[in-house]
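A quick write-up on the structure given underneath.
The values are calculated or read from the model by the stated rules, or taken from the named source; none is laboratory data. Computed from a predicted model, the values in this text were never measured in an experiment. Glycine also receives a Cβ, built like all others from the backbone with ideal geometry; neighbour counts cover every protein chain displayed. Surface areas here come from the heavy atoms of the whole protein model, side chains and all, with no ligands, DNA or RNA. Shrake-Rupley method; radii C 1.70, N 1.55, O 1.52, S 1.80 Å.
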Amino acid sequence: MSGSESSGNTRKPHLDRGGRWGFSTLAVHAGEAHLKPEFAITDPIFCTATYTFADSQAVLEYLQNRHTREEYGRYGNPSEKVVEQKLAELEGGETAVLFSSGMAAVAAYVLSKVRAGDEIVLVDECYHRTRQFCCEYLGRLGVVTRQVPAGNYEAMEAAITPRTRLLISESPTNPHLSVIDLERFAALGRKYGVETMIDSTIATPYNVRPLEYGVDVVLHSCTKYLGGHNDLLAGVLIGSAEKLEPCRKIRGVIGLVASPHTVYLLERGLKTLQLRMERHNQNGLALAQFLEAHPRVEKVYYPGLPSHRDYAVAKRTMRGFGGLVTFLVKNADWRETARIVDRVRIPRIGPSFGGVESLIEQPMLMSYHDYDREQRTAVGIPDNMIRVACGIEDTADLIEDFRQALEA
Ligand SMILES: *Cc1c(COP(=O)(O)O)cnc(C)c1O
């Protein structure tokens, strides 16, 4: 959205950056211009692959000062810049780089930072595709990935060598919802001069902001809570402009860009992030408490329950504990567990989480179907495990639904 004087548009921002705005005010307004093309209150979808120049002089001026306009779709789109700034401000970071998916963000991040012979330290409960990308694909190129157990900081420290370039974790993790002590994690990175990255998809910037604890880079799959409506795929990296410059560059080279339509949906979804997270947090906690008290339930994993291993860290660092709840059914084989999944009426069966619609899955059948029993045991996925992604439905309806499914 450069110039466009004919529509009265200026790029004057609607809210000054660095003001003392609350989270939801930022979610609605941050990154957006005060006046937009044709005075519309929404940002347009710029459906364009390329951008044109008035004359050769305009090309020369662009080359001297690249930041004032766009050139080609793989390098940027005006609405993408709006949503990137909104995401940066929500996370409390200097800059954000948007990608076509969470995994595109993971791949771009790691690829832009390592070369053959370098090492990565990765927490073993990370998203299975992140582990696959690092171990299998980067392994082929001579990058070594050392996996360490979530919550074991001694093992993490011991895994760091002079060749370590990145320390990567998720927090909370999926499906065990382990919570990382971000201060300890960031301190380890600083001690050894290793860049730290947290995949904060499950937390969202509403529940925790890892940069405030000294973590270098935050990653989100925007497909989940940030988009919030199960209708888009996108990913983002947030941190300092210096740390993210190589990631922006590789995005433009490989073309891991989000489509203009996706960018529109993401900006729209972000506006209600706080409202949605308040309900996701409320539903997650209420369902976790209900399940923990139920005689048919063996164990519940939810960081907001005092019984969770990382409750103290979660309570200290998180505003809420999110909508994901994992539990084990008492004395049930995989068939009996599947029957409970099938009896639940509100959540549909499916992978993913973070949308307004609740979802349910049995990890052994869904996310871990390509693991054999031995591999599943190694990563802590028993047959009687169910993962619920609470949407924003009425809390009482969700609890009643699980009651009937467990007691039928
Ligand atoms: C879904 C997810 C990803 C991958 O994101 P996509 O948008 O599906 O590519 C990465 N990390 C976590 C924690 C996720 O939940």
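So the values come out like this:
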quantity	calculated
Surface share of carbon and sulfur [accessible, 1.4 angstrom probe, percent] for the range 1-126	53 percent
Top positive-direction residue, dipole computed over the chain with Cβ charges, set Pro347, Val121, Gln57	Val121
Computed accessible area, Trp21, all protein chains, 1.4 angstrom probe, square angstrom	100 Å²
Counting all C-alpha pairs of the range 25-101, share separated by more than 19 Å (%)	47 percent
Within-10-Å neighbourhood charge of Tyr153 [Cβ basis; K, R +1; D, E -1]	-2
Evaluated over the range 118-259, the Cα radius of gyration and Dmax, each in Å	14.7, 43
Accessible surface of Phe23 - all protein chains present, 1.4 Å probe, nearest 10 Å²	30 Å²
Inter-part distance where the range 305-336 and the range 80-123 are each reduced to a Cα centre, Å	28 Å
His229, His128, ranked by accessible area, largest first (probe 1.4 Å)	His229, His128
Cα-only radius of gyration and Dmax that characterise the range 310-408, units Å	14.3, 39
Positive-end extreme of charge dipole, the chain - chosen from Ile386, Ala88, Pro295 (charges on Cβ)	Ala88
GNM flexibility winner over the chain from Glu119, Glu70, Glu154 (Cα, springs under 10 Å)	Glu154
Descending semi-axes in whole angstrom, ellipsoid equivalent of the range 281-320, from the Cα gyration tensor	19, 12, 5
The range 226-347: proportion of alpha-carbon pairs further apart than 22 angstrom, %	57 percent
Residue among Met366, Met318, Met197 with the largest mean-square fluctuation in a Gaussian network model of the chain, springs linking Cα atoms under 10 Å	Met366
Net charge dipole size for the chain [Lys, Arg +1 and Asp, Glu -1 on Cβ; Debye, nearest 20]	360 debye
Of Gly380, Gly320, Gly355, the one that fluctuates the most in a GNM where the chain has Cα springs shorter than 10 Å	Gly380
log₁₀ of I(q)/I(0) at q = 0.15 Å⁻¹ - the range 207-251, Debye sum with one point per alpha carbon	-0.46
Under 5 Å, built H, 5+ apart or other chain: amide partners of Gly391	Ser358, Leu359
Restraint check, Lys243/Lys271; Lys36/Lys249; Lys12/Lys86; Lys86/Lys315; Lys86/Lys224, Cα-Cα greater than 20 Å	Lys243/Lys271; Lys36/Lys249; Lys86/Lys315
Carbon/sulfur fraction of accessible area - the range 287-382, other protein chains in place, 1.4 Å, %	50 percent
Rounded accessible area per residue of the chain, 1.4 Å, Å²	44 Å²
Span-rule helices in the chain, defined as complete DSSP H runs reaching 30 Å or more along the axis (Cα) with Kyte mean at least 1.0	none
Whole-number D in µm²/s for the range 56-169 (Stokes-Einstein; Kirkwood sum over Cα pairs; 4 °C, 1.567 mPa s)	78 µm²/s
Lys243, Lys249, ranked by accessible area, largest first (probe 1.4 Å)	Lys249, Lys243
Cα centroid of the range 341-377 to Cα centroid of the range 37-56, whole Å	42 Å
J(HN,Hα) series, the range 363-373, from Karplus relation 6.51 cos²θ - 1.76 cosθ + 1.60, nearest Hz, glycine and proline x	x, 4, 8, 9, 5, 10, 5, 8, 9, 7, 4
Under-5 Å amide H pairs with Glu298, H placed in peptide plane, nonlocal only	Leu328, Val329, Lys330
Over the chain: Rg over Rh, Cα atoms, Kirkwood Rh	0.99
